[in-house]
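The structure appears right after this line, and notes come after that.
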Amino acid sequence: MTTGVDARLNGRGWNCAVDGATCKVSLTGDWVARTDGVDPQAASRILSSGAKALSFDSGGLGHWDSALIAFLVALRAAATDGGVRFEDAGLPAPARHLMGLMASTSTTEAATAGVSRAAPLVERLGLWTLARGAELNQGSALIGNLVLRGGLAVRGKAAMRGRDLVEAMYDAGIAALPIVAVVNVLVGGILAFIGATELRTLGAGIYVANLVALGMVREMAALMTAIIMAGRTGGAYAATIAAMQGGEEIDAVRVFGIPVFDYLVLPKILALTAMMPVLYLYGSAVGILGGLLVGAATLGVSPVSFFIQARGALSDSQLFFGLSKSFAFGALIAIFGCQFGLRAGRGAADVGKAATSAVVAAIVGVIALDALFDVCADILRI
Amino acid sequence: MDPSPQRALSPALSVDKLTVAFGEKVIQQDVSFTVAAGSIFAVMGGSGSGKSTLLQAMIGLLPPTAGTIRVGEEDYWAASDDRRAQIDRGFGVLFQSGAMWTAMTVTENVALPLRMLTALNGPAIKTLAGVKLSLVGLAGSGDLMPAALSGGMTKRAGLARALALDPAILFLDEPSSGLDPMTARRLDDLILDLREGFGVTIVLVSHDLPSLFDVCDDGVFLDGETHTVIAHGAPKSLRDECTHPTVRAFMHRERAPADADAPTARARRPS
């Protein structure tokens, strides 16, 4: 031990000798952040020597990177807090240069500064309520706009391009026919299977046609088509509009003075609302066909008997009931899709969130609305 | 003492007879240059000259159709995928748009490479992320989301992320584009400071003349017409000494030689 040295401390890459009021920190070896990391206790250990000044010797220092800077900055911050003089003359000039770039805040503070204090529960509840209120307000404004601008659109006075409407109708209608057909054929077949199992035992197999026709026209075609369209088209509306938000495309529309609602939202809502009843009729027809296939295969029901029985089971009011539901479902899905897209943030993740929220809200909304329709139908004895 | 491991490499990067293309369309061909370790090397050229495409080949995003890129002594594109991934960890890239991961805070952006590619614990990662953010002047902004950053802050945050793994070579794609002159100047100073501090080698792709003159030691000039390098040298030297008409026009903000002869070019001159 050198004469006059009161104490020695060491850690990975450093050792220090305390001589009276001065602690001389000798830096040694390599300091590589990605393999060595940083020692959070090093600064407090060095300062525990009680020295009033820190000096450095970097003669034994090898290669270094931000690991050394992190160590030195933490030591400097701790020394400043403890009233210990930090003499950096013995440090490598590039290290001094980098430390000069950094604010006097500690690196942990740098990483965490700006983290807001958790608000009290009541405050958070209030903020949540206000946010939901704002969403409700936006939703109401959208519906109001739809009523006002939709009326103008019908009279050809909205700032909506006919081409956009036609494209949206194609996308929400013709392009959706295959998936609507597949799902409804299967649902019709499933209804027929369920009916066949019970009706066969009663010797009333022909009534499977009644079950399939009523089930599809009154309930399943509208509901299943709506669920498909919520995932397929409602989600796409939300994602498209949210991506346009992120790319400032909507801002570009707005600064030209073009009404965003007319240009972007109205064609989508009108298209889906108009096409859903068409898809419903198509879904009902293919669903009944699916039921016929299963009925013919499992019960030996002839196509003619099946159709006569099915026609007898249906009334105009039931068809009107199904059409009304599909119309409402179409509007609801489109409104949710556009609404969630318009209120999305500007990041890539916000596009996914908007699409997910739109699909979930639309499916839940469709089922809830369907239940409401059924209650009304029961009261009206449809 | 040796300030950092990066300076041990010399040259840091060399490109030899490189051709980059998209399908049949050749973007640049027969490109050769050497980037000395610890230098700031400029890849210059007008819009559409293939600067960013060449950069893509250098950072592993676009395989060249011919030629070699050597990192240190190693042929980058001849290496196995695993080896190339290891080499990539010695690269830091600042993309033109910043390319921040928008679902994460700024600190999380900087910390992610350390989380994914090192065995460091949480506090160490947080500390190192804080160091990088402090170095670029974003101490206190770590909790912000990228959408809340200004253009200059986004560039600096992207730079902090590029520095996350203490790279040996830093690639900067148009770092000053979209920034006002003062912010661009501050970023230039920061680039010089990082080279001075860490000794990192920097490849800077830019057509921003003040930045090129201020920070670069050497460079190449890519021509979009001939699809190859038409001049080598430091930007200031090219400005003062190069006689190639395209380079001269670029460096002195004059009309391109072809435009200068066109009568319509004079007609567009503001009165």
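Points to keep in mind about this one:
- Highest average packing first - B:143-150, A:74-81, Cβ atoms within 10 Å: A:74-81, B:143-150
- Considering only beta bridges that DSSP places wholly inside the protein assembly as shown, some 50 percent are antiparallel.
- Among A:G62, B:Y76, B:G46 the positive-end extreme of the charge dipole of the protein assembly as shown (Cβ point charges): B:G46
- The Rg/Rh ratio of the stretch B:104-158, with Rg taken over Cα atoms and Rh as the Kirkwood radius over Cα pairs, comes to 0.97.
- On the basis of the beta-carbon distance and an R0 of 56 Å, B:T226 and A:R12 show a calculated FRET efficiency of 0.55.
- Take A:276-282, B:95-101, A:156-162, A:212-218 and order them by the average number of nearby Cβ atoms within 10 Å per residue, most first; the result is A:212-218, A:276-282, B:95-101, A:156-162.
- Paramagnetic label zone (point 7 Å from Cα along Cα-to-C-beta, A:T356; backbone N under 11 Å) in the stretch A:234-253: none
- Farthest towards the positive end of the charge dipole of the stretch B:157-219, among the residues B:A164, B:G199, B:T183, is the Cα of B:A164, using unit charges on the Cβ of Lys, Arg, Asp and Glu.
- Think of the stretch A:319-382 as a dipole: +1 on every Lys or Arg Cβ, -1 on every Asp or Glu Cβ, centred on the Cα centre; then among A:L380, A:L319, A:V364, A:V364 lies furthest on the positive end.
- Net charge dipole size for chain B [Lys, Arg +1 and Asp, Glu -1 on Cβ; Debye, nearest 20]: 560
- Mean per-residue shielding of peptide B:163-169 is 3, counting Cβ atoms of other chains within 10 Å of each Cβ.
- Of the DSSP H helices in chain A, those whose Cα atoms cover at least 30 Å axially and whose Kyte score averages -1.0 or more: A:121-154, A:177-202, A:266-299, A:316-342, A:348-380
- Chain B: Lys pairs at Cα distance under 22 angstrom, eight or more positions apart or on different chains: 7
- Across chain A, the mean sequence separation of Cα contacts (distance under 8 Å, 6 or more residues apart), normalised by length, yields a relative contact order of 16 percent.
- Computed over chain A, the per-residue total of -39500 (n - 2.57) for DSSP H runs of n ≥ 4 gives a 222 nm mean residue ellipticity of -22000 deg cm²/dmol, rounded to 500.
- Helix B:181-198 vs. chain B, principal-axis angle (Cα, 0 to 90°, nearest 10): 60
- Seen against the Cα atoms of chain B and their longest principal axis, helix B:122-135 is set at about 40 degrees.
- Full extension of the segment from A:A119 to A:A89, taken as 0.36 nm per residue of separation minus the current Cα-Cα distance, would add 6.3 nm.
- Basic side chains Lys and Arg get +1 at the Cβ, acidic Asp and Glu get -1 at the Cβ, and with that the dipole of the protein assembly as shown about its Cα centre reaches some 1660 debye.
- Average other protein chain Cβ within 10 Å of Cβ, residues B:94-104: 2
- Relative contact order, whole percent, for chain B stands at 25, derived from Cα pairs under 8 Å and 6 or more residues apart.
- Peptide B:193-200, shielding by other chains (average Cβ, 10 Å cutoff): 5
- Using only side-chain charges placed at the Cβ, +1 for Lys and Arg and -1 for Asp and Glu, the dipole size of the stretch A:7-112 relative to its Cα centre rounds to 180 debye.
- Backbone N under 17 Å from the B:D240 label point (7 Å along Cα→Cβ), restricted to the stretch B:195-224: B:210-219
- When both bridge partners sit in chain B, DSSP labels roughly 50% of those beta bridges antiparallel.
- Extending 7 Å from the Cα toward the beta-carbon at both A:S140 and B:R248 defines two label points whose distance is 7.2 nm.
Any read-out appearing in this document is the output of simple, stated calculations on the displayed coordinates, not a laboratory observation. Model, not experiment: these values are computed from the prediction. No Cβ is skipped: glycine too gets one built from the backbone with ideal geometry, and neighbour counts run over all protein chains shown.
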